[in-house]
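These notes are about the structure you will find just below.
The values are calculated or read from the model by the stated rules, or taken from the named source; none is laboratory data. A quick note: this is a predicted structure, and the numbers were derived from the prediction, not measured. Cβ placement follows ideal geometry from the backbone for every residue including glycine, while neighbour counts extend to all protein chains displayed. What goes into the accessible areas is simple: the full protein's heavy atoms, side chains included, and nothing from ligands, DNA or RNA. Shrake-Rupley method; radii C 1.70, N 1.55, O 1.52, S 1.80 Å.
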Amino acid sequence: METDAPEFNELGTRRLFEVILFEVFRKNQPVLAEDVEKYCISRIFRSAPQLRSTLRFLEWSLVVIRDGPYLAPTPQLIALCDASSTVTLEVRLALMILARLRETNHFTTVFLEDALSQEPQNRVLYLATSKIPLRYMPLIVLLRNLGLFEDNALGAGVLTVDARIAAAFADAALSSSYTKSRTRRMTLASLKALLAAQEAQGTEAEAFVVGIERKRLQGHPRVDAVRSIAAEDVAAGFDIVSFESAFSLMHDRYIEVKSHKDQVCFYWSRNEFETAQRLGNSYYLFIVDAGRIAESGYTPLVIRNPSETLASSWRVEPETWLATRIL
């Protein structure tokens, strides 16, 4: 799940969190947001901007959700208020923050490279506040106010991470560094499912184009010879053999079918490009919107001789690179 990185103004004290969690939502029922503000301000005399920032933080943390004019508790709030837990409220809040930063892929947005370091022998974890962007400092101040960051002898800009959350911090830093190093993630099962879906989509699009061509060539004595050859010759550089006109005796129209959904884009292999160059005006690209195949009257985009004409109205970018060692 991906959300914006958290940016808050001044967050409240432990006391404000206690009032919201244990008093405002003690019945685990939705409460009018304006009533929450009135109660908290009258109860502990905090400013409205600070309170609203704290409520936004609790929404981002999925502790409460906004439903129209109401704020409603979630299972996370119930877990935070679990009286039977042996873990203190401040530690539960810190672990919740870490978990949320990890699941939204924003741990390294808040804790920049080199922000955290660890003593190899005693495993003490240190935080360099100079490596925290200013807009995220309210989170650091909150954890410090909760007693989970402490000053130490290394300098004014270095804090010691409380031992109760140090392991969770270290785990979050390690796993998030892997996430930061890559832009996309896909499991093998997901890849197989995607390839299967793409193959099915491509097969449907090819059948659709064969139907278009056969309709265009009605009356041709060999109209049944318009067919897909993709399954029998994957290296051909095109998917369909057809005829340019009713007078053509031999196949002289070669079609590569590209299907898409939503964004109009496709992958064009080097073999397909070189085949298009060789065949020139006999080579066509049919760009099929897979979501419109069943739509009456829909016709795909057709590009003739794309090796010469494609670059004039399309942005063509390399997706893969071939690296050959020079001996």
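Would you mind working out the accessible area per residue for the chain, using a 1.4 Å probe, and quoting it in Å²?
About 60 Å² of surface per residue is accessible.
Taking the chain as a Gaussian network, where each spring joins two C-alpha atoms under 10 Å apart, which residue of Pro120, Pro73, Pro30 fluctuates the most?
Its mean-square fluctuation being the largest, the pick is Pro120.
Please find, in a Gaussian network model of the chain (springs between Cα atoms separated by less than 10 Å), the residue of Leu148, Leu301, Leu16 whose mean-square fluctuation is greatest.
Leu301
Please compute the Kirkwood hydrodynamic radius of segment 1-141 from all pairs of different C-alpha atoms, in Å with one decimal.
16.3 Å
Segment 275-321 to segment 203-223: how many Å between their Cα centroids?
A separation of 17 Å, based on Cα centres.
For segment 100-249, what relative contact order do you get, as a whole percent, if you take Cα pairs closer than 8 Å and at least 6 residues apart?
Reported as a whole number, the value is 16 percent.
From Cα coordinates alone, what are the radius of gyration and Dmax values for segment 96-155 in angstrom?
12.0, 34
Could you sort Thr275, Thr309 by their accessible area in this structure, using a 1.4 Å probe and putting the largest first?
The most accessible residue leads, giving Thr309, Thr275.
By how many degrees, between 0 and 90 and to the nearest 10, does the Cα long axis of helix 270-279 differ from the longest principal axis of the chain?
Computed tilt is about 30 degrees.
Given the C-alpha centroids of segment 65-125 and segment 156-170, what is the distance between them in whole angstrom?
Each part's Cα centre sits 13 Å from the other's.
If R₀ is 22 angstrom, what is the calculated FRET efficiency for the pair Asp262 and Ser175, using the beta carbon separation as r and rounding to 0.05?
The computed FRET efficiency comes out at 0.10.
Based on DSSP, what percent of beta bridges with both residues in the chain are antiparallel, to the nearest 5?
So the antiparallel bridges in the chain amount to around 80 percent.
Which order do Tyr267, Tyr126, Tyr136 take when ranked by solvent-accessible area (1.4 Å probe, heavy atoms of all protein chains), largest first?
Highest to lowest solvent-accessible surface, that is Tyr267, Tyr126, Tyr136.
Give me the dipole magnitude in Debye, nearest 20, for the chain about the Cα centre, with unit charges on the beta carbon: positive for Lys and Arg, negative for Asp and Glu.
It comes to approximately 480 debye.
What FRET efficiency comes out for the pair Ser269/Tyr298, r = Cβ-Cβ distance, R0 = 22 Å, nearest 0.05?
Computed FRET efficiency for Ser269 and Tyr298 comes out at 0.25.
Around Val264, with a cut-off of 13 angstrom between Cβ atoms, what is the net charge of the other residues, counting Lys and Arg +1 and Asp and Glu -1?
+2
Around Pro138, under 14 Å between beta carbons, what's the net of Lys plus Arg minus Asp minus Glu among the other residues?
Summing Lys/Arg as +1 and Asp/Glu as -1 gives +2.
Could you work out the relative contact order of segment 251-326, using alpha carbon pairs under 8 angstrom and six or more residues apart, expressed as a whole percent?
The value is 30 percent.
Taking Cα pairs under 8 Å and at least six residues apart, what relative contact order does the chain come out at, in percent?
11 percent
Can you pull the three principal axis extents for the Cα set of segment 190-327, in Å, largest first?
Sorted from largest, the Cα extents of segment 190-327 read 56, 35, 32 Å.
So, in nm, how far is label Ser248 from label Ala311 when the simple model puts each one 7 Å beyond its Cα toward the Cβ?
Those two pseudo-labels are separated by 2.7 nm.
Could you list log10 I(q)/I(0) for segment 67-176 at q = 0.11, 0.13, 0.15 Å⁻¹, which the Debye formula gives when each Cα is one point scatterer?
So the normalised log intensities work out to -0.38, -0.52, -0.68.
Among Asp114, Asp233, what's the order by accessible area (1.4 angstrom probe), most exposed first?
Largest to smallest exposure gives the sequence Asp114, Asp233.
At 222 nm, what helix-only mean residue ellipticity would the chain give, in deg cm²/dmol to the nearest 500, using -39500 (n - 2.57) for each DSSP H run of four or more?
Here the helix-only value at 222 nm equals -11500 deg cm²/dmol.
Working out 0.36 nm times the residue gap between Asp289 and Glu199, then minus their Cα-Cα distance, what length gain in nm do you get to one decimal?
This chain segment gains 30.9 nm when fully extended.
For the chain, which whole-number percentage of the solvent-accessible area (1.4 Å probe, protein heavy atoms only) is attributable to carbon and sulfur atoms?
53 percent
Return the Rg/Rh ratio of the chain with Cα-based radii and a Kirkwood Rh.
That ratio equals 1.20.
I want to verify the translational diffusion coefficient of segment 259-316 in µm²/s; compute it with Stokes-Einstein, Rh as the Kirkwood radius over Cα pairs, at 25 °C and 0.890 mPa s.
Answer from the Stokes-Einstein relation: 199 µm²/s.
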